[in-house]
Structures are given as structure tokens and as C-alpha cells.
1. How do ASP133, ASP60 rank by accessible surface area computed with a 1.4 Å probe, from largest to smallest?
2. What shape does the stretch 80-128 take by its C-alpha gyration tensor, where a ≥ b ≥ c are the square roots of the eigenvalues and a/c under 1.5 counts as rounded, a/b above b/c as prolate, and the rest as oblate?
3. Report the full-extension gain for the segment GLN170 to GLU111: residue separation times 0.36 nm, less the Cα-Cα distance, to one decimal in nm.
4. What figure in square angstrom, to the nearest 10, would you give for the accessible area of GLU66 with a 1.4 Å probe?
5. Largest first, how would MET146, MET126 line up by accessible area (1.4 Å probe)?
6. Please report, as a whole percent, how much of the solvent-accessible surface of the stretch 92-149 comes from carbon and sulfur atoms (probe radius 1.4 Å).
7. Quick one: accessible surface of ASP137, probe radius 1.4 Å, all protein chains present, in square angstrom to the nearest 10.
8. Separation between the ARG76 and ARG41 pseudo-spin-labels, each 7 Å from Cα along Cα→Cβ, expressed in nm?
Amino acid sequence: MNRAGRTLLMGCLLLTTPLLGHAGDNSLLIPADGSCVLDTRPEDLEQALAQCRRLAEGGDSQAQFELGEYFYDASRHPQDLPQAVHWYEQASLQGHAEAQLRLGTLFWHGEGVPANAMQAYIVLKMAAVNGSDEALDSADQVAEQMNREQLEHANRVLGEIFRNYLQELQASDTRSPFAPLP
């Protein structure tokens, strides 16, 4: 194992060690209290869904994303695209990059929503800004399908979104949003 690999492994072990104290007698089980875990046994799914929904309705963006994934995936139950879109939208509004990637892809392919290349492009660009490399590639693919006018309009909308965000940052603090963090 190379030096970087050993360092990464040690870092992971150091991060998980405190969690083991909460696992009771079984060090392989880390309780999911306060989190949304839908990859459960079938008999536990109803309770897990209720917990996830409570968290999502309380504004937890990861729980919202997990519900979106649950309703989109049809491997264990019938797919529910309106519910998937709803939960992806909720998480996306909070800047959840994975939810934005999924939502942008739904707009691109017209799954659960009318196909809309401009909206797909905008949402995918936001996902890229929030850290999704895959979204950046997808936005480029969507842009190839758009005409010049559509692309200019979408970029104007993105510019407006960023201007509004910058104004919110400036209004929320007397410091410049570009000042070094304390």
C-alpha cells in the first residue's frame, strides 16, 4: 500500500472510531438515529420511510434526496416520478448537488416532467457549481443540443441567480462575501 493509501486508511479509521462507541455491543452496527436510511429489510421499510419523511419535511436535504432516490428507483416498488421530482426539487433548492444532477437529468430526458433543455442546463450548471463533476459533463452535452439563443437565455438566468445569491450574501453580513474566512 502506498503512503497516500495508508494515510487515507488511517484517516478513515480515525473518523469511524468515535462512532463505534454508539453502536452498543455490535461494532458492525452503527445506529441510524436521526438519519434517513431506506436500504433496509422489507419489514423495516415502513418505519424507515416514516423516519425519512419526518426528516425531509423538517428540511433535511439528504433525507429529501434519499426520498427522491427511493421513489425514482423501481427495483423494490412501483416507480413514483411525481414524488421523486418533488423530493429532488426540495433538496435542489438547498444546493444538494446530487439532487440537482438527478433533477437536471429528469428535465433533460423528460422523465416525470416535460423535457426542457434550458431548464436541464440551468439545474445541471447549478449542480456543477455545487460540486458535481458529472453534472458539468451533462450540462455540456445538453448545451450541444441547444441553439445559440437558448444557451444565451439560460446563461442570463444563471447570471441572475448568481447575482441574487451574491446580494443575499452581502446583505447577510457586513463583510465582503469574498473576504477570507475567520
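The values are calculated or read from the model by the stated rules, or taken from the named source; none is laboratory data. For clarity, every value in this text was computed on a predicted model and none was experimentally measured. For neighbour counting, all protein chains shown are included, and Cβ atoms are generated from backbone atoms with ideal geometry for every residue, glycine included. Areas reflect the complete protein model, heavy atoms only, side chains present, ligands, DNA and RNA absent. Shrake-Rupley method; radii C 1.70, N 1.55, O 1.52, S 1.80 Å.
1. ASP133, ASP60
2. oblate
3. Going from the current span to full extension adds 17.5 nm.
4. 50 Å²
5. Ranked from most to least accessible, the order is MET126, MET146.
6. 45 percent
7. Surface accessible to solvent at ASP137 totals approximately 90 Å².
8. Simple spin-label model gives 1.3 nm for this pair.
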